[in-house]
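So the structure is just underneath, and the comments pick up after that.
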Amino acid sequence: MSSTTTTNKIKWWSGGKSPFNMEYGKLMMWYFLMSDAFTFGAFLISYGTIRFSQNFWPDPNVVFNAFPGAGHANLPLAFVSVMTFILIMSSVTMVLAVHAGHHRNKKGVVKWMAWTIVGGLAFLGCQAWEWWHLITGTHAVLADGKLELIGQTMRGNPWGNLADVNLVVDALKNTSHETLVSMVHEHHQNMTHETLMGMSHEQLTGMLNVAELHIREKGPVAFGGYFYGITGFHGFHVFSGVVINIIMLIMAQKGVFEKRGHYLMIEKVGLYWHFVDLVWVFVFLCFYLI
Amino acid sequence: MELQQNVATEITFHHEPSNDTKRIWRTFWVMLFITLIELGLGLLLYATDWPYNLTLATKGVIVILSFAKAFYIVSIFMHLGDEIRNMIVTIVVPLLLFIWFICAFLMDGNSYKNLRNDYDKHFKESTTVKQKSNSNH
């Protein structure tokens, strides 16, 4: 507590010094991050408002259950846990870089900045896979008396309420031949697309067990816009953070900060990077956990 | 290695940076532990079919755990906890606006839902759960 007693004796508001005891650029980074927190906060609260205005909202455990290379295995939240772990880990490497900067340890700064960049790129790669999977992975939904195959896009959401089985049976008659072929193909991988295309509508419907298909209705359209909008805006922050980190790595390597006598720039970019991790805590909370 | 000193004229009081990284790693383990509890609770909600109020309470616990993580990131990783009180206050006080922001807008959304359920029967019938199921797909 020695520091507290020392700082208490200083008259912070008497002029001639910063009452915040902080270098100008770092203070402005804090204020920028505070405003950015309100931007993200507004997005997430808007999402919350729409979610609270709906009777039904898709269960994140059902939406986010895929893992790269695991096929159709049901693994709820597994992949996003990996992404969260990567981001926490890169936050640790960042704070270790800042720590090395405090001790003017150039080698340490370069090493930990490099690991932070690796973590950021790994996170972006994971997000790219997740988006690709959600957009291209189609699901059969009951809409307008027929079945349709749709992915998770800005226009449609395939995770609505479970549809009534009798309505699904009726809908099979109105469903297009191509849709039926794709649905049957998913459960009978050994039969080629051409063989199935040659079969009649009745033969194809006979091969589908409606009770086991768990066909859903379309879910709330707003889900896609909010999910891609907010995770995309966060991903953009990660991307710009990686770019800034690379610039800082190069500057540190060239000895720019060593000549200046301090590594304050590493502290500032560190603040930005931790903020990106902080936002992910809440994105993870709002979209994946609750 | 020589410590950085007098990096800027704005800084009156310079506190010594710690020599080891113990505190950083301890924070990492705490955050990892909190995240694992959050995931466990999230999966528990999925695996069980709890009544509405218990589900809501569990989600409340997850929210509180997330705020604990946010505190650790800001206080330890961003070193805000090491700054002087003036600095902490200038950041934290404006953020209190979020209390109103969250309450007002979530209540607004909830009120809109209730009004629509009362006056728009088609909305109510087309969006409420008709069939309970434990399906995964």
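Checking A:Val63 against (1) open to solvent by less than 20 Å² (accessible area, probe 1.4 Å); (2) within 23 Å of the chain's Cα centre (by Cα); (3) facing chain B (nearest Cβ under 10 Å), only one condition comes out false. Which one?
Unmet for A:Val63, out of (1) open to solvent by less than 20 Å² (accessible area, probe 1.4 Å); (2) within 23 Å of the chain's Cα centre (by Cα); (3) facing chain B (nearest Cβ under 10 Å): (3).
Got a sec? Which of A:Leu96, A:Leu142, A:Leu124 is in contact (Cβ under 8 Å) with a residue 60 or more places away in the chain and over 15 Å from A:Trp280 (Cβ atoms)? Step through it out loud before you land on a result.
Values: A:Leu96 fails: in contact (Cβ under 8 Å) with a residue 60 or more places away in the chain; A:Leu124 fails: over 15 Å from A:Trp280 (Cβ atoms).
Among A:Leu96, A:Leu142, A:Leu124, only A:Leu142 is in contact (Cβ under 8 Å) with a residue 60 or more places away in the chain and over 15 Å from A:Trp280 (Cβ atoms).
Out of A:Gly41, A:Gly108, A:Gly101, report the one residue that is more than 20 Å from B:Leu41 (Cα to Cα), at the interface with another protein chain (Cβ under 7 Å from one of its Cβ atoms) and open to solvent by less than 30 Å² (accessible area, probe 1.4 Å).
A:Gly41
Condition first: more than 9 Å from chain A (Cβ to nearest Cβ), open to solvent by 30 Å² or more (accessible area, probe 1.4 Å) and in contact (Cβ under 8 Å) with a residue 12 or more places away in the chain. Can you find one or more residues in the range B:73-94 that meet it?
no
Criterion first (surrounded by fewer than 18 Cβ atoms within 10 Å (Cβ to Cβ), touching a residue at least 24 places away in the same chain (Cβ under 8 Å) and in a loop (DSSP other than H, G, I, E, B)) does A:Pro19 satisfy it?
no
Mind listing whichever residues of the range A:111-131 are more than 14 Å from chain B (Cβ to nearest Cβ), open to solvent by 10 Å² or more (accessible area, probe 1.4 Å) and over 19 Å from A:Gly235 (Cβ atoms)?
Within the range A:111-131, A:Ala114 is the sole residue that qualifies.
Output the qualifying pairs, or none if there are none: Cβ atoms under 6 angstrom, residues six or more apart or on different chains, first residue in the range A:273-290 and over 18 Å from A:Gly224 (Cα atoms), second residue among the aromatic types (Phe, Trp, Tyr) and in a helix (DSSP H, G or I).
That search, which allows pairs on different chains as well, returns A:His274/B:Phe77; A:Val279/A:Phe40.
Considering only the range B:77-88, I want to know if a residue exists there that is under 30 Å from A:Val210 (Cβ atoms) and at pLDDT below 95.
no
If I filter the range A:141-156 for residues that are within 17 Å of the chain's Cα centre (by Cα), hydrophobic (A, V, I, L, M, F, W, C) and buried (at least 16 other Cβ atoms within 10 Å of the Cβ), do I get at least one hit?
no
For every residue, the table says whether it meets (1) more than 11 Å from every other protein chain (Cβ to nearest Cβ); (2) modelled with pLDDT of 95 or more; (3) not in a helix (DSSP H, G or I).
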position	(1), (2), (3)
A:Val184	yes, no, no
A:Gln203	yes, no, no
A:Ala211	no, no, no
A:Pro220	no, no, yes
A:Gly224	yes, no, no
A:Gly241	yes, yes, no
A:Lys259	yes, no, no
A:Phe282	no, yes, no
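The values are calculated or read from the model by the stated rules, or taken from the named source; none is laboratory data. Keep in mind the model is a prediction, meaning the values are calculated, not measured. All Cβ positions, glycine included, derive from the backbone under ideal geometry; neighbour counts span all protein chains shown. Note: accessible area is taken over every heavy atom of the protein model, side chains too, but ligands, DNA and RNA are not part of it. Shrake-Rupley method; radii C 1.70, N 1.55, O 1.52, S 1.80 Å.
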